[in-house]
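Colleague: Pasting a structure below so you can have a look.
Quick note: the coordinates plus some simple rules give every number you see, no bench work behind them. Note that the structure is predicted; figures quoted are calculated from it, not measured. Cβ atoms come from the backbone with ideal geometry, glycine included; neighbour counts cover every protein chain shown.
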Amino acid sequence: MECIRANMLVTTPFSVSPNPAALFITPSLRSALHKIRYTVDNRQGLTCLLGDAGMGKSSLMRLLHLEYEGREDEVTVAFLTDPDFNTPNAFVRSICQAFEIPMRRSLQAQKTQFKDFILEQASAGKNMVLLLDESQGMNSEVMEVLRSFLNFESNTAKLLQIVMAGQLELRNRLKMPRNKALKSRIVMYSLLSPLTPAEAKSMITHRCQMAEIPIPFPDTALDLIYSSTGGVPRDILRICAYAYQTAQITGDKNVSIELAEQAIEHERAIMDEEAV
Ligand SMILES: Nc1ncnc2c1ncn2[C@@H]1O[C@H](COP(=O)(O)OP(=O)(O)OP(=O)(O)O)[C@@H](O)[C@H]1O
Ligand SMILES: [Mg+2]
């Protein structure tokens, strides 16, 4: 896989951290990667990555971040994993901080400082990339600031490329009439879809290969886990982790179908408890 550093190898096979090295690149992820790379490399401006919770957005953003960091001669990148969307001022400051741009007192002065930086990078031949995770938290005021950043352009290219990733609530926000100015600037959308049963199996195989362990799940156990999760990777991994852990405690080499059932039931019981 592209641009994965050796020190990011997976040691916990079913970890739910957004480690890009742990990603099994499904067709849905590959298509998103293509669209985002196209938008960024051709300096087209804004692209939007959507997906339900646990579908792999942050992991994909980390992968892109590593990739662009590795191209520092041509790209200047900043990745905001949890941007401050509270006010336009806080938002602009958090972006400037990420690009290590000096702080100014007023919002206007800070925006000017940012604009100067963008122009400097452009004249040095650098492509500037802003990766924004958790973008479902963006309000209309902040969206308007983001839209204004897309006005920095030459005759042929945008000077700032923005990738915004967010849960499906972001799609609902973009559909609101007051946010249509930003929505109309989006060049490409990507939507991460749930894994198919075959992809879920390949994901588990990939995780086990990276952790250098044999696959501890028979197909029947995996099928059961898959059907209880609807193909959401984080949910599959969480149940796998519990079942695998239980098998280790009981000294079993493999996760039996009974252990898989137990892991699913364990989660169901907790969720029902919370609902009471
Ligand atoms: N295709 C995949 N292959 C391997 N692991 C995956 C895959 N997709 C997601 N995961 C794993 O699922 C977990 C959740 O992924 P991630 O945190 O990237 O999701 P997210 O879409 O950002 O969720 P949220 O909206 O809650 O922030 C991570 O451990 C990630 O490695
Ligand atoms: Mg995330």
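Colleague: For the chain, just run the numbers: alpha carbon Rg, then divide by 2.2 N^0.38 Å, N being how many residues it has.
Modeller: On the way: Rg = 21.2 Å, N = 276, 2.2 N^0.38 = 18.6 Å.
So the chain has a normalised radius of gyration of 1.14.
Colleague: Among Leu150, Pro102, Val16, whose Cα sits farthest toward the positive end of the charge dipole of region 1-157 (+1 at Cβ of Lys/Arg, -1 at Cβ of Asp/Glu, about the Cα centre)?
Modeller: The one lying farthest along the dipole's positive direction is Leu150.
Colleague: Suppose the chain between His266 and Ala109 were pulled fully straight at 0.36 nm per residue; how much longer would it get relative to their current alpha carbon spacing?
Modeller: Numbers: separation 157, 0.36 × 157 = 56.52 nm, distance 5.45 nm.
Taking His266 through Ala109 to full extension adds about 51.1 nm, to one decimal.
Colleague: Return the distance in nm (one decimal) between the two label points of a simple spin-label model at Asn139 and Asn89, each offset 7 Å from Cα along Cα→Cβ.
Modeller: It works out to 1.3 nm between the two label points.
Colleague: Next question. Please identify, among Gly54, Gly125, Gly137, the residue showing maximal mean-square fluctuation in a Gaussian network model of the chain using a 10 angstrom Cα cutoff.
Modeller: Looking only at Gly54, Gly125, Gly137, the largest GNM fluctuation is found for Gly125.
Colleague: Separate question: Note down the magnitude of the dipole of the chain about its Cα centre, charges +1 on Lys and Arg C-beta and -1 on Asp and Glu C-beta and zero elsewhere, to the nearest 20 debye.
Modeller: 1380 debye
Colleague: Next question, about the same structure. Provide the three semi-axes, in whole Å and in decreasing order, of the ellipsoid equivalent to region 197-275 as defined by the square roots of 5 times the Cα gyration tensor eigenvalues. Please list the in-between numbers first.
Modeller: On the way: eigenvalues 77, 47, 22 Å².
Sorted largest first and rounded, they come to 20, 15, 10 Å.
Colleague: Tell me the Kirkwood radius of region 133-239: reciprocal of the mean inverse pair distance over distinct alpha-carbon atoms, in Å.
Modeller: Numbers: mean 1/r = 0.0590 Å⁻¹.
With all distinct Cα pairs of region 133-239 included, I get 17.0 Å.
Colleague: Which lysines have a Cα lying under 21 Å from the Cα of Lys57, excluding residues fewer than 8 positions away in the same chain?
Modeller: Lys35, Lys175, Lys183, Lys201
Colleague: May I ask you to list the GluC sites (Glu not before Pro) in region 170-276 that are in a DSSP loop and have at most 16 other Cβ atoms within 10 Å of their Cβ?
Modeller: Numbers: sites: Glu199, Glu212, Glu258, Glu261, Glu265, Glu267, Glu273, Glu274; in loops: Glu212.
Answer by residue number: Glu212.
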